[in-house]
Amino acid sequence: MRKKAGKTMTLQVNDVMGTVAIAVHREATFAELTETMRRFKVGNVAVIDADGRPVGVVSQDDLLPEGTTSRGRNTPEARRERQRCGRTVEMIAGEIMTSPALTVTRQTSIPEAVRLMHANRVEQLPVVDAVSGKIAGTLHQVDLLRAFDRRPVDS
């Protein structure tokens, strides 16, 4: 909660979100997806359309065969399992992504964002502009933890 002009207000996503959004276009290759995740140290990336609106999300789980550990990602067995499951390095983000993208706006309350993440078992959400629908940032679980760690400011 925060206070404004004597009123208590619920914290919103805008109060804690990151303003950098890691995103790729639908045509991004398997290699581009993995490189983006590795480069930015994220577990998933938003997939956006030509106008910058999220249309899906690709997570590490989407790229890996079930039961693969982080140490076994590039083994011949992992590659065969990806192919068996229909995931090949020739695929593009638009074919791999989970769609539609689960998103929040800057005005979404923190409690609602927590419920959404928990109910859908996701660790981060794209934040979209409520008017344009374009991606405006990312909300991570760690951002939500910061919201609960805020201390009241002495006046």
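Of the trypsin sites (Lys or Arg not before Pro) found in the stretch 89-123, those that fall in a DSSP loop while having at most 10 other beta-carbon atoms within 10 Å are R121. Set the Förster distance to 35 Å, then compute FRET efficiency between D15 and T98 from the Cβ-Cβ distance, nearest 0.05. Given R0 = 35 Å and the Cβ-Cβ separation, E is 0.80. Charge tally around V45: other residues with Cβ under 15 Å, Lys/Arg +1 each, Asp/Glu -1 each, net -3. Applying the criteria of a DSSP loop state and at most 15 other Cβ atoms within 10 Å to the GluC sites (Glu not before Pro) of the stretch 91-126 yields E123. When Lys and Arg each count +1 and Asp and Glu each count -1, what net charge do the other residues less than 14 Å away from I135, Cβ to Cβ, add up to? Spelling it out: positives minus negatives among the neighbours equals +1. Label positions at E90 and F148, each projected 7 Å from the Cα along the C-beta direction, are separated by 4.6 nm.
No lab work stands behind these numbers, since they all come straight from the coordinates. On a predicted model such as this, the values are computed, not experimentally measured, just so you know. Note that we place each Cβ from the backbone using ideal geometry, even for glycine, and neighbour counts take in every protein chain shown.
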